[in-house]
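Written below as structure tokens is the structure these notes are about.
Every number in this text was worked out from the coordinates using simple rules, so none of it is lab data. This one's a predicted model, so the numbers in the text were calculated from it and none came from an experiment. Cβ: placed from backbone, ideal geometry, glycine included. Neighbour counts: every protein chain shown.
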Amino acid sequence: MGNVITTTEQEERNAGKNLYSYQRGAINRIFKAFEDAPEDYHLLYQLPTGGGKTVIFSEIVRQYLKHHKKKVLVMTHRIELCKQTSYMLTEFGVENKIVSSKANLDDQAKYSCFVAMVETLNNRLQENKLDISDIGLVIIDEAHYNSFTKLFKFFEKSFILGVTATPLSSNIKLPMNDNYNELIVGETIEHLIENEFLARAEIYSYNVGLTSLVVGANGDYTVKSSEDLYTNTDMLSKLIQAYEERCKGKKTLIFNNGINTSLHVYDTFKRAGYPVAHLDNTNTKKERKAILKWFHETPDAILTSVSILTTGFDEPSVEAIILNRATKSLTLYYQMIGRGSRVLKNKTTFQVIDLGNNLHRFGPWGADLDWQRIFRTPNFYLDGLINDEDIEENFRYEMPEELRAEFSNSEDVYFDIKKTYINSIKAGESSKVVLERSIKHHAKICIENSEDVYDALGLAKMLGDDIDYRIGRYTKCISKSTFNFVEWLKNDYRLKLRAYLRDNFDADFEKIHGRKPE
């Protein structure tokens with residue numbers, strides 16, 4: 001028989017103070033579901049990051065122990081989450097024991113609540129070191145991770161409550177509806193924002209060519225292909241430019257796919273004179289603690305990291321999130337952005353810079369997703385996600401604000417390569433005329449904003465990204481895109497643009513401005 005932990009009236013009042021009405025409603029729904037279900041029922045509860053999942057299940061533990069003569073086990077997948085959960089349970093008046101690899105379990109009979117990391121618990125159960133015969137309720141934090149399912153066989157006569165922000169399995173081959181009987185959906189992100197429980201994300205997406213990325217066995221982009229892309233000079237320049245445009249001076253968290261990428265990011269910001277630190281899972285506990293302390297205390301700090309801060313990290317003072325990576329994981333997308341969503345005095349919004357086309361892939365963070373449908377038919381949802389080629393097909397190059405200012409005399413700086421190509425084919429012309437017309441358009445906007453040929457040539461040098469974009473669109477139209485051919489086209493285009501400006505500047509200037517150049 002388990003020890004029933006009781007609390008004083010004062011403790012009950014304190015616990016009640018920590019609960020909002022939507023949290024109390026969730027607790028009532030969860031208990032009602034278990035009341036009407038068999039003892040081995042598996043229930044999944046969804047609530048957005050920042051909605052207070054730990055608070056909710058801590059109160060569930062407190063109430064369960066008060067009314068049942070059985071014990072409770074809470075499982076997490078990271079040691080930091082174990083400690084945070086144990087602390088929260090203690091706050092709710094629930095005496096608990098962490099089942100760590102070094103924990104002495106001789107006194108386990110004194111406890112009615114245990115908190116354990118999944119791998120440690122698995123080892124302890126294999127060694128028969130923990131008595132689980134009296135566990136009536138098992139709570140699984142971050143239940144979308146599949147590492148927990150191997151332990152279900154030990155708890156065939158226990159209620160299992162999984163909690164997650166995103167009820168979509170981290171492994172597409174192991175859908176969550178295989179392991180859970182029912183999903184209860186909590187408050188939406190939009191509702192939590194409107195009621196000032198979460199800050200609103202202002203997302204700025206910068207178009208990035210991702211067709212060089214490779215999808216690995218886990219269904220997400222490989223670290224190797226991500227590092228090849230995100231460590232190149234162009235991407236690092238785009239990153240720092242985006243930071244300076246949207247969140248300079250704000251406390252910023254940067255997520256990368258790969259340690260090498262994060263170190264390149266660190267060097268780039270360091271050389272630019274910004275306060276930056278790098279963190280990954282090879283840092284010692286002491287180093288991690290010092291880095292996070294620095295990040296907390298430094299108003300304009302930049303912290304570049306690799307996955308390690310997606311869960312169990314709570315820093316409300318974060319004002320900007322940079323997704324310096326692409327992901328195919330909806331869960332990871334929500335977790336990364338969620339790190340900036342904590343409210344704070346005078347903070348109702350936060351910036352998100354997306355450098356992985358994630359916004360195009362998943363839609364805005366906090367969009368009204370049908371979690372019940374995703375839970376029931378995850379493959380239908382995943383198959384419906386737009387692929388990278390289709391995303392890039394809809395890209396339209398937009399000049400950065402500073403560059404657009406250099407071409408302020410031009411009404412329209414956009415040139416539609418695809419439309420020009422289709423029209424040229426219809427007219428029976430060679431596809432080469434497409435690039436000729438594009439060069440003339442580039443020359444025109446350079447001349448419109450120049451006083452002499454040297455000004456125009458200087459402006460032409462600034463058009464590198466636009467030229468590369470146009471060449472990319474053109475090679476897709478003609479279905480010819482070997483690396484060497486594309487590189488040759490880009491160089492040839494630049495040479496021809498400069499030659500055109502030298503040969504035609506005076507005549508075109510007079511047509512455009514109605515006077516001869518000075």
Item checked: Value of relative contact order over region 401-513, rounded to a whole percent, pairs C-alpha under 8 Å and six or more apart -> 32
Item checked: Between helix 21-35 and the chain: long-axis angle, C-alpha atoms, 0 to 90°, nearest 10 -> 60
Notebook entry, point to check: Restricting attention to region 421-518, which trypsin sites (Lys or Arg not before Pro) occupy a DSSP loop and are surrounded by at most 13 other Cβ atoms within 10 Å?
Noted result: LYS480, ARG515
Check: What is the spin-label model distance, in nm, from ALA272 to ASP107 if the labels are put 7 Å beyond Cα along the C-beta direction?
Finding: 5.2
Next item on the list: List, in the order given, every pair from LYS328/LYS476; LYS66/LYS150; LYS432/LYS511; LYS248/LYS270; LYS238/LYS419; LYS110/LYS286 whose Cα-Cα distance in the structure shown is over 22 Å.
Entry: LYS328/LYS476; LYS66/LYS150; LYS432/LYS511; LYS238/LYS419; LYS110/LYS286
Notebook entry, point to check: If amide H atoms are built 1.01 Å from N in the plane of the peptide, which residues on other chains or at least 5 residues away come under 5 Å of the amide H of VAL208?
Noted result: ASN357
Note to self: Spelling out what I want: for every residue of region 319-336, take phi, set θ = phi - 60°, compute 6.51 cos²θ - 1.76 cosθ + 1.60 (Karplus), and round to whole Hz; glycine and proline get x.
What the structure shows: 10, 8, 10, 10, 8, 8, 6, 9, 9, 9, 9, 4, 4, 5, 4, 5, 5, 4
Checklist line | Under-5 Å amide H pairs with VAL115, H placed in peptide plane, nonlocal only | finding: VAL74, LYS97, ILE98, VAL99
Item checked: Residues whose placed amide H lies under 5 Å from that of LEU198, excluding near-sequence neighbours -> ILE193
Margin query: Taking only Cα atoms of region 197-366, what ratio of Rg to Rh do you get with Rh as the Kirkwood inverse-distance radius?
Written below: 0.93
Item checked: Additional length obtainable on full extension of the chain from SER237 to ILE478, 0.36 nm per residue less Cα span -> 83.8 nm
Next item on the list: Step through the residues of region 191-203 one at a time and calculate ³J(HN,Hα) from phi using the Karplus curve (6.51 cos²θ - 1.76 cosθ + 1.60, θ = phi - 60°), rounding each to whole Hz and writing x for Gly and Pro.
Entry: 5, 5, 5, 4, 9, 6, 8, 10, 8, 8, 7, 9, 9
Item checked: Partners for LYS157 among lysines (Cα-Cα distance below 17 Å; same-chain residues under 8 apart left out) -> LYS69, LYS70, LYS71
Check: How much length, in nm to one decimal, is gained on full extension between ASN260 and GLU35, taken as 0.36 nm per residue of separation minus their Cα-Cα distance?
Finding: 75.9 nm
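About the Cα centre of region 197-366, what is the dipole size in debye to 20, counting +1 per Lys and Arg Cβ and -1 per Asp and Glu Cβ, all else neutral?
Value, rounded to 20: 440 debye.
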Note to self: Just to check I understand the Karplus step: with θ = phi - 60° and J = 6.51 cos²θ - 1.76 cosθ + 1.60, what whole-Hz values come out for region 283-293, glycine and proline as x?
What the structure shows: 5, 6, 4, 5, 4, 4, 4, 5, 5, 5, 5
Note to self: Give the average over all directions of the projected area of the C-alpha convex hull of the chain, one decimal, in nm².
What the structure shows: 28.9
Next item on the list: Give the angle, between 0 and 90 degrees and rounded to the nearest 10, that separates the Cα long axis of helix 432-448 from the longest principal axis of the Cα atoms of the chain.
Entry: 90
Notebook entry, point to check: So how tilted is helix 259-271 from the main axis of the chain? Cα-based, degrees 0 to 90, rounded to 10.
Noted result: 60
Next item on the list: Between LYS426 and GLU393, take the C-beta separation as r, use R0 = 22 Å, and let me know the FRET efficiency to the nearest 0.05.
Entry: 0.60
